[in-house]
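Reviewing the structure listed below.
The values are calculated or read from the model by the stated rules, or taken from the named source; none is laboratory data. None of these values were measured; they are calculated from a predicted model. Reconstructed Cβ throughout: ideal geometry from the backbone, glycine too, with neighbour counts over all protein chains shown.
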Amino acid sequence: MKAFIEGMPKAELHVHLEGTLEPEHIFALAQRNGIELSYKTPQEVVDAYDFHDLPSFLTIYYAAMDVLRTEQDFYELAYHYFEKAAADNIVYVEPFFDPQAHTSRGVEFATVINGIARAQEAAAATLGVESQLILCFLRDMSAQSAMEHLEMALPYKDKLIGIGLDSDEKDNPPSKFAQVFAKAREHGLKLTMHCDVNQKDIHEHMWECLNEINVDRIDHGVNCLDQDDLTQEIVRRGMGLTVCPVSNRFVVQSLTSKEIRRMLELGIKATINSDDPAYFRAYLTDNFLELQREGDYTLEEVVQLNRNAFDIAWLTDADKQRLLGKLDRYVARAS
Ligand code: ADE
Ligand code: ZN
């Protein structure tokens, strides 16, 4: 099982590039950019990772980003993640980035997106990792700021596949961003939003995602199982969910293996993802391995979760079939 999971060609649809910033890289960037850190070693940084809910994670996550200043910094951030992805046999990824977390520190939008886009091209050419980028708005900032950033992003539209919504969910409902998401849709961008596990008003947020925003996917979304009518609507729409088991453990003390199995039983298109792997100390293969162990998942369940990711990816049908073919051949060889 372990070797099978490690070697399986995978897709990842929920990973924040800023959440792949490794402590060693924080140190290297701080030195290059002349920034003094309050930690003496990368291990001290890891030791300070004390998350128990979303806000306690976000405080540490945003503070560390201060070392990211130049286009080369963003290139390296993304390229290091793509190297990890290649080691996990990820062949396709739709990574998130948070431009407002950088423009608010005086870093130009162009610096961020050009560095990431250059890394995407290099990763496809040299590592065989294909990707399409999702711009996330920070929901604890204003709708006006989100709109300003959408305007900034439109000249770079060909570098984006979709728009997401992340950061602190409390009292920041999807409806706050209805106008900006409608405009993104008019420009042909796909739409997704975080519905993080066990957040305040989570069921209302999920309903707003479905009925007011008309999202194409939901990030996390585990709480759809709490209400029958919500569950049924997710099933009826064939709505994809990007679940993050190790990330969930910081909030609900479980990898939610029971919930994810229930989703599979219901035919919900659940997928497995790493969210912020440098912080939660688990990349995609680790998430699959730990989930399989906790839930004693069968090979078929593992493959189905990974197949779902290719299925709900924002790819053309031809590209989906091409990548699913890789998975099918791998499964056929292994069995
Ligand atoms: N930003 C980075 N990771 C996040 C998460 N898991 N939830 C909300 N916002 C985030
Ligand atoms: Zn996330």
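Just a few scattered comments:
- Qualifying residues in the range 4-62 (those that are among the polar types (S, T, N, Q) and in contact with a Lys or Arg (Cβ under 9 Å, 6 or more places away or on another chain)) - the one nearest to ligand 1 (Cβ to nearest atom): Thr20
- Close contacts from the range 16-33, counting a first residue that is among the basic types (Lys, Arg) and a second that is within 16 Å of ligand 1 (Cβ to nearest atom) and at pLDDT 95 or above, with Cβ to Cβ under 8 Å and a gap of 6+ residues or different chains, come to none at all.
- Residue pairs meeting the criteria (Cβ under 6 Å; at least 6 apart or on separate chains; first free of Cβ contacts under 8 Å to residues at least 12 places away in the same chain and closer than 15 Å to Glu18 by Cβ, in the range 49-64; second assigned to a helix (DSSP H, G or I) and more than 13 Å from ligand 2 (Cβ to nearest atom)): none
- Residue pairs whose Cβ atoms lie under 6 Å apart, separated by 6 or more positions or on different chains, with the first residue in the range 313-327 and on the phi < 0 side of the Ramachandran plot and the second in a loop (DSSP other than H, G, I, E, B) and buried (at least 18 other Cβ atoms within 10 Å of the Cβ), are Lys326/Pro9; Leu327/Pro9.
- Residue check, Leu29 within 16 Å of ligand 2 (Cβ to nearest atom) and surrounded by 19 or more Cβ atoms within 10 Å (Cβ to Cβ): no
- Any hit, the range 310-332, residues being aliphatic (A, V, I, L, M) and more than 30 Å from Ala78 (Cα to Cα): yes
- Whichever residue in the range 267-284 is part of a strand (DSSP E or B) and within 14 Å of ligand 2 (Cβ to nearest atom) and, among such residues, is farthest from Asp50 (Cα to Cα): Thr271
- When Gln100 is tested against the conditions (1) surrounded by fewer than 18 Cβ atoms within 10 Å (Cβ to Cβ); (2) closer than 27 Å to Asn211 by Cα, the lone failure is (1).
- Being within 16 Å of ligand 1 (Cβ to nearest atom), over 24 Å from Ser131 (Cα atoms) and crowded, with 24+ Cβ neighbours inside 10 Å is a condition met by at least one residue of the range 219-235.
- Criterion: away from ligand 2 (no atom under 15 Å from the Cβ), under 15 Å from Pro173 (Cβ atoms) and touching a strand residue (DSSP E or B) at 6+ places or on another chain (Cβ under 8 Å) - qualifying residue of Ile202, Ile213: Ile213
- Residues that are over 17 Å from Thr271 (Cα atoms), under 21 Å from the mean Cα position of the chain (by Cα) and not in a helix (DSSP H, G or I) do not occur anywhere in the range 218-239.
Results for (1) within 14 Å of ligand 1 (Cβ to nearest atom); (2) outside any helix (DSSP H, G or I); (3) under 20 Å from Phe109 (Cβ atoms), shown as yes or no for each residue.
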| residue | (1), (2), (3) |
| --- | --- |
| Asp158 | no, no, yes |
| Gly188 | no, yes, yes |
| Gln199 | yes, yes, no |
| Glu208 | no, no, no |
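- Elements of the type helices (runs of 4 or more DSSP H) sitting completely within the range 1-95 and holding at least 2 residues that are within 19 Å of the chain's Cα centre (by Cα) and among the small types (Gly, Ala, Ser): these cover 54-64, 71-87.
- Residues of the range 168-179 that are surrounded by 21 or more Cβ atoms within 10 Å (Cβ to Cβ) and part of a helix (DSSP H, G or I): Pro174, Phe177.
- Evaluated against (1) modelled with pLDDT under 95; (2) crowded, with 18+ Cβ neighbours inside 10 Å, Val252 falls short on exactly one condition, (2).
- Pairs, first buried (at least 24 other Cβ atoms within 10 Å of the Cβ) in the range 156-167, second β-branched (Val, Ile, Thr), C-beta under 6 Å, six or more apart: Gly164/Ile134; Gly164/Thr192
- Under the condition of being aliphatic (A, V, I, L, M), in a loop (DSSP other than H, G, I, E, B) and touching a Lys or Arg at 6+ places or on another chain (Cβ under 7 Å), the residues counted in the range 285-316 number 1.
- Going through (1) within 16 Å of ligand 2 (Cβ to nearest atom); (2) among the aliphatic types (A, V, I, L, M); (3) over 21 Å from His203 (Cβ atoms) one by one, Val251 falls short only on (3).
- Residue within the range 19-34 that is closer than 27 Å to Asp140 by Cα, touching a Gly at 6+ places or on another chain (Cβ under 7 Å) and of a type in the set (Ser, Thr, Tyr) present: no
- Qualifying residue in the range 115-134 (condition: within 30 Å of Ala178 (Cβ to Cβ), touching a residue at least 60 places away in the same chain (Cβ under 8 Å) and within 15 Å of ligand 2 (Cβ to nearest atom)): no
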